[in-house]
Amino acid sequence: DVKVTQSSRYLVKRTGEKVFLECVQDMDHENMFWYRQDPGLGLRLIYFSYDVKMKEKGDIPEGYSVSREKKERFSLILESASTNQTSMYLCASRLPLGQGHSGIAGELFFGEGSRLTVL
Amino acid sequence: GDSVTQMEGPVTLSEEAFLTINCTYTATGYPSLFWYVQYPGEGLQLLLKATKADDKGSNKGFEATYRKETTSFHLEKGSVQVSDSAVYFCALPSGAGSYQLTFGKGTKLSVIP
């Protein structure tokens, strides 16, 4: 079974703290994604990565950075957390488009989410 | 850019009622279309998909037909169960090379016994 694991289900941080959200997948997927989910706004893409050491900005990258040093791991970093970053963060992975059944159709596999509260 | 619009929720239904959640899309060409579901406390998972016009995706009693004439991909189920209570998202590929998935805002369904 496909498995995407996010390191923390719940975090509480203070304004100005540096925050690391870790995501690991065990499917040898090349593409990985970070979304945030907010009520009334749905899912918005923060960053994604085609492959190791590659990253691309999504729709709302401001205030975030990412790291992809190994294929299986994609980290989201909040350099200086702010209260407006309180949200649910979802990691996802996928085969490259055109590869395999899931890759052709673009199916994403999601982790269970990390709920971050910034005080 | 490419986008999806889905009906606002929340939707509350009695068990065994008929469900429709509307989704319309705006896109160049004919992209694949998806419905994802998020059960309480979990991440999203793919519910069904359709890769070309007139295709019907189905899974767990849910169905959706890709209709290019009305640019729609409405989700339906004939008889909902309490276990179907979840948030449902319509989605389509977007961005350069269609690498991204753009999601609708989600529709929360609550099914009461």
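The values are calculated or read from the model by the stated rules, or taken from the named source; none is laboratory data. Model, not experiment: these values are computed from the prediction. We place every Cβ from the backbone using ideal geometry, glycine too, and count neighbours over all the protein chains shown. Accessible surface is based on the protein model in full, side chains and every heavy atom, while ligands, DNA and RNA are left aside. Shrake-Rupley method; radii C 1.70, N 1.55, O 1.52, S 1.80 Å.
Counting only residues that are under 22 Å from B:G95 (Cβ atoms) and more than 14 Å from the chain's Cα centre (by Cα), which one in the range A:30-48 is least open to solvent (accessible area, probe 1.4 Å)?
Filtering first and then ranking leaves A:G42.
Scanning the range A:97-111 for residues being surrounded by fewer than 16 Cβ atoms within 10 Å (Cβ to Cβ) and either over 16 Å from B:S94 (Cα atoms) or modelled with pLDDT of 65 or more (or both) gives a total of 3.
Against the numbered list (1) touching a residue at least 12 places away in the same chain (Cβ under 8 Å); (2) touching a Gly at 6+ places or on another chain (Cβ under 9 Å), A:Y10 comes up short only at (2). Scanning the range B:27-57 for residues that are over 20 Å from B:E76 (Cα atoms) and of a type in the set (S, T, Y) yields B:T28, B:Y30.
How many residues does the range A:48-78 hold that are within 14 Å of another protein chain (Cβ to nearest Cβ), part of a loop (DSSP other than H, G, I, E, B) and under 18 Å from A:V24 (Cα atoms)?
Matching residues across the range A:48-78 total 4.
Here A:V12 meets the list (1) under 19 Å from A:E79 (Cβ atoms); (2) open to solvent by less than 50 Å² (accessible area, probe 1.4 Å) almost entirely, failing just condition (2).
Looking across A:R73, A:R115, A:R94, A:R44, one residue alone is at pLDDT below 90 and basic (K, R). It is A:R94. Just the residues that are among the aliphatic types (A, V, I, L, M) and in a loop (DSSP other than H, G, I, E, B), please, taken from the range B:76-113. The answer is B:V80, and nothing else.
Filter the range B:99-110 down to the residues that are within 12 Å of another protein chain (Cβ to nearest Cβ) and of a type outside the set (D, E, K, R), then identify the one that is farthest from B:P40 (Cα to Cα).
Of everything passing the filter in the range B:99-110, B:Y99 is farthest from B:P40 (Cα to Cα).
Residue under question is A:D51, and the condition is that it be within 21 Å of B:F103 (Cα to Cα) and open to solvent by 40 Å² or more (accessible area, probe 1.4 Å); does it hold? Taking the combined requirement at face value, the residue does not satisfy it. Considering the range B:27-46, and only residues there that are free of Cβ contacts under 8 Å to residues at least 24 places away in the same chain and facing chain A (nearest Cβ under 9 Å), the residue that is surrounded by the most Cβ atoms within 10 Å (Cβ to Cβ) turns out to be B:G43.
Being more than 25 Å from A:D59 (Cβ to Cβ) and open to solvent by 70 Å² or more (accessible area, probe 1.4 Å) is the requirement here; does B:E16 meet it? Taking the combined requirement at face value, the residue satisfies it.
Scanning the range B:47-67 for residues that are in contact (Cβ under 8 Å) with a residue 12 or more places away in the chain, more than 22 Å from B:G95 (Cβ to Cβ) and not in a strand (DSSP E or B) yields B:D54, B:K60, B:G61. What is the residue count in the range B:61-98 for residues that are within 12 Å of chain A (Cβ to nearest Cβ) and open to solvent by 50 Å² or more (accessible area, probe 1.4 Å)? Final tally of qualifying residues: 3. Restricting the first member to the range A:34-46 and to residues that are at the interface with chain B (Cβ under 9 Å from one of its Cβ atoms), and the second to residues that are outside any strand (DSSP E or B) and surrounded by fewer than 23 Cβ atoms within 10 Å (Cβ to Cβ), the beta-carbon pairs closer than 6 Å and six or more apart or on different chains are A:G42/B:K105; A:R44/A:D59; A:R44/A:I60; A:L45/A:G58; A:L45/A:D59.
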